[in-house]
Amino acid sequence: MTRVFQQWFAPRQTSPAQDELDHPLLFFGDEALTLRACCEGVFITGSSGSGKTSGSGAAIARAYLRNGFGGIVTCCKPDEAEIWRRYARETGRERDLIFFGPRHPHRFNYLNFAAQLTPTDIRPTENLTQLLGTVTDVANRGQSSNSQDPYWAKASQQLLRNAIDLVLLARGTGGLTLEEIYQTIITAPNDDEQLRSRDWQRSSRCMQLLNEARRQRHGTTAAHDLVITENYWLKEFPNLSPRTRGCVISMVTTGIDPLLRGNIHELTNTTTTVTPLQTHQGKIIVLDLPAKSYHSAGILVQLIWKLLWQQATEGRNIQANSRPTFCFCDEAQTFVSRHDSTFLMTARSSRACVVYLTQNLPNFRSALGKAETDALIGNLVTRIHHQNVCTETNVWASESISKCWRLRASSGTSHSDDSEGRERKSHNANLSDSHEYQVPPERFLDLRRGGPRSNQCVDAFITRPWPSGRGFLRVTFKQS
Ligand SMILES: Nc1ncnc2c1ncn2[C@@H]1O[C@H](COP(=O)(O)OP(=O)(O)OP(=O)(O)O)[C@@H](O)[C@H]1O
Ligand SMILES: [Mg+2]
């Protein structure tokens with residue numbers, strides 16, 4: 001079991017928790033990391049091998065499990081699922097573990113689940129568009145210059161929205177599959193000639209669905225949406241320039257393509273035996289599709305789980321069930337999306353504890369861009385900084401700890417000649433105030449990184465507004 005002890009402060013008795021959010025989860029000497037601190041988001045940084053996973057990450061994971069939290073765990077490295085099996089064994093939570101992945105029996109039809117999450121008085125199109133739009137965004141990350149221009153993201157969302165809506169209008173949520181959305185897109189009319197050809201119309205899935213949708217009896221809202229959807233497929237889409245249309249189609253299809261195939265299709269587009277809602281009942285769902293082994297398919301499936309866990313958690317009623325739920329992402333740069341910062345803003349009222357581990361800030365920036373990275377880390381209030389060689393991250397960590405005024409003493413001797421050529425010496429001493437880092441960036445360079453050479457000790461600074469008024473603590477985690 002990882003033991004956590006704090007180096008600088010003498011232990012003292014903590015006062016009883018005032019409310020649920022003040023429940024202590026981990027002690028550092030006389031300070032406690034409370035549920036409130038964890039609901040405000042935990043961000044762990046440190047160079048590769050600095051002890052993030054086996055130090056602070058392990059301590060927090062075990063604390064969550066010991067306290068009965070449910071949650072989802074994303075996996076980047078192939079050994080992560082086994083690490084969580086060990087945490088669960090050590091904390092008596094093995095019975096709550098659910099592994100999800102091609103090697104396990106559970107299935108999750110995420111489109112049906114996302115449609116069910118939508119309130120009954122709203123059509124689920126927009127919710128599903130957001131979900132697949134984010135998948136498309138992440139799949140295209142850094143792959144083309146188009147991904148930088150907001151037009152393409154909007155145009156691909158529009159394409160997805162109309163494809164999803166057409167399938168829903170024709171087939172209802174029961175008939176909604178990713179394959180159907182894909183077929184709608186790739187058989188959509190490209191020009192007036194196709195639209196005039198009866199043979200082509202018979203062969204086009206898009207046109208078949210349009211005819212089916214027209215034959216359905218719709219309520220007022222759906223009837224109105226059908227007119228807009230029809231206009232898109234019959235007028236707007238064929239009138240796009242072939243190059244633009246090709247780019248937009250390819251952005252969407254490259255996003256969903258990895259999800260259409262083989263065991264990933266079987267896992268996510270058939271039945272449902274597990275959903276993110278089970279984390280609210282204490283289940284720990286380990287997404288055993290490590291990114292290093294399953295590549296983009298593994299990343300996208302985990303991203304979908306994460307987005308739907310966020311939605312399910314935002315919509316929960318904590319008066320009826322306030323069991324905390326967590327999302328633990330090691331190598332978080334692989335799984336972050338632009339929805340994370342919005343989710344984090346209200347995570348406390350949903351009892352949601354997000355833990356993101358990454359080496360440095362540039363990792364997040366290359367995944368999200370600068371503005372979204374700033375928004376995200378601004379909403380991760382509890383920060384744990386391990387040994388790090390990234391100057392930018394170290395300066396940011398020092399800045400976030402804040403500066404203090406220090407009194408600096410200086411002295412000197414000056415030499416001069418008087419009017420008769422004799423040497424004169426004068427001595428001076430000064431005291432001046434200077435505004436300096438409480439923890440300067442170079443302090444992060446030589447923190448202990450664990451392993452036998454440092455007797456399994458991993459050092460870190462934890463910054464947040466601690467109840468005692470301190471802004472940071474220096475702590476040591478013991479690996480086990
Ligand atoms: N249980 C353990 N006992 C002793 N040493 C360990 C243990 N787990 C990991 N180590 C060692 O401690 C160091 C820190 O490992 P850890 O995997 O926690 O680093 P990390 O910061 O998560 O790195 P990365 O960014 O590469 O994931 C490494 O040298 C590792 O070999
Ligand atoms: Mg690690």
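With every protein chain kept in place and ligands, DNA and RNA left out, what is the accessible area per residue of the chain? Probe 1.4 Å, answer in Å². Each step should come with its number before you reach the end.
Numbers: 21780 Å² over 480 residues.
That works out to 45 Å² for each residue.
Ordered by packing density, taken as the mean number of other Cβ atoms within 10 Å over each peptide's residues, highest first, how do 376-384, 249-257 rank?
Details: 376-384: 21.2, 249-257: 19.3.
Per-residue Cβ counts within 10 Å, averaged per peptide and sorted highest first, yield 376-384, 249-257.
Leaving out ligands, DNA and RNA, and with a 1.4 Å probe, what % of the accessible surface on the range 110-263 is carbon or sulfur? Kindly include the intermediate steps, with their values, before the conclusion.
Details: 3590 of 7580 Å².
With neighbouring chains kept in place, the figure for the range 110-263 is 47 percent.
Under a Cβ-only charge scheme (Lys and Arg +1, Asp and Glu -1), can you give me the dipole magnitude of the chain about the Cα centre, in debye to the nearest 20?
On the way: 55 positive and 47 negative charges, 213 e Å.
For the chain, the charge dipole is close to 1020 debye.
For the chain, what does -39500 (n - 2.57) per DSSP helix run (n ≥ 4), summed and divided by total residues, give at 222 nm, in deg cm²/dmol to the nearest 500?
Numbers: 18 runs with 193 residues, N = 480.
Helices in the chain give a 222 nm mean residue ellipticity of -12000 deg cm²/dmol.
Counting Lys and Arg as +1 and Asp and Glu as -1, each charge on the Cβ, what is the dipole of the range 110-263 about the Cα centre in debye, to the nearest 20?
On the way: 16 positive and 16 negative charges, 44 e Å.
Using Cβ point charges on Lys, Arg, Asp and Glu, the range 110-263 gives about 220 debye.
I want to verify the translational diffusion coefficient of the range 110-263 in µm²/s; compute it with Stokes-Einstein, Rh as the Kirkwood radius over Cα pairs, at 37 °C and 0.692 mPa s.
Taking Rh from Cα pairs, D becomes 207 µm²/s.
Among Pro452, Thr34, Gln183, which residue has its Cα positioned farthest towards the positive end of the charge dipole of the chain, with +1 placed on the Cβ of Lys and Arg, -1 on the Cβ of Asp and Glu, and the dipole taken about the Cα centre?
Pro452
State, as an integer percentage, the relative contact order of the range 110-263 based on alpha-carbon contacts under 8 Å between residues 6 or more apart. Each step should come with its number before you reach the end.
Working: 146 pairs, mean separation 45.4, N = 154.
The normalised contact order for the range 110-263 reaches 29 percent.
Ranked highest first by average number of other Cβ atoms within 10 Å, how do 209-219, 191-201, 95-105 line up?
95-105, 209-219, 191-201
Any chance you could count the Lys pairs in the chain whose alpha carbons are under 27 Å apart, treating pairs 8 or more apart or on different chains as valid?
Close lysine pairs under the 27 Å cut-off: 21.
Taking every pair of alpha-carbon atoms in the range 184-271, what share in percent sits in each 10 Å bin, from 0 to the bin with the longest distance?
The distribution over the range 184-271 is 15, 36, 35, 14, 0, given as percents.
Go through the range 177-182 residue by residue and turn each phi into a ³J(HN,Hα) via Karplus (6.51, -1.76, 1.60, θ = phi - 60°); whole Hz please, and just put x for glycine and proline.
10, 5, 4, 5, 5, 5
With point charges of +1 on the Cβ of Lys and Arg and -1 on the Cβ of Asp and Glu, referenced to the Cα centre of the chain, which listed residue (Thr91, Gly421, Tyr151) lies farthest in the positive direction of the dipole?
Thr91
Quick one: what do you get for the chain if you divide its Cα Rg by 2.2 N^0.38 Å?
Numbers: Rg = 27.8 Å, N = 480, 2.2 N^0.38 = 23.0 Å.
Here the Cα radius of gyration is 1.21 times the empirical estimate.
Counting only C-alpha contacts under 8 Å and six or more residues apart, can you give the relative contact order of the chain as a whole percent?
Details: 824 pairs, mean separation 122.0, N = 480.
Computed over the chain, the figure is 25 percent.
Can you list residues whose amide H is under 5 Å from Gly282's amide H, if they're 5+ apart or on another chain and H is modeled 1.01 Å from N?
Counting only residues 5 or more places away or on other chains, the set is Gly70.
Using alpha-carbon pairs under 8 Å, 6+ residues apart, how would you state the relative contact order of the range 262-383 in percent? It would help to have the intermediate numbers written out before the result.
On the way: 113 pairs, mean separation 27.9, N = 122.
Reported relative contact order: 23 percent.
Counting only protein heavy atoms and using a 1.4 Å probe, what share of the accessible area of the range 273-366 belongs to carbon plus sulfur, as a whole percent? Each step should come with its number before you reach the end.
Working: 1360 of 2890 Å².
Percent of accessible area from carbon and sulfur atoms in the range 273-366: 47.
Counting C-alpha atoms alone, how compact is the range 220-321: give Rg to one decimal and Dmax as a whole number, in angstrom.
18.7, 53
For the range 16-90, just list the percent of Cα-Cα distances falling in each 5 Å bin from zero outward, please.
In order of increasing distance, the bins hold 3, 13, 23, 26, 19, 11, 4, 1, 0 percent.
Just round it to a whole percent: the fraction of Cα-Cα distances in the range 73-177 exceeding 18 Å.
Values: 3476 of 5460 pairs.
In whole percent, the long-distance tail amounts to 64.
The values are calculated or read from the model by the stated rules, or taken from the named source; none is laboratory data. This one's a predicted model, so the numbers in the text were calculated from it and none came from an experiment. Quick reminder, even Gly has a Cβ in these numbers, built from the backbone with ideal geometry, and neighbours come from all protein chains shown. What goes into the accessible areas is simple: the full protein's heavy atoms, side chains included, and nothing from ligands, DNA or RNA. Shrake-Rupley method; radii C 1.70, N 1.55, O 1.52, S 1.80 Å.
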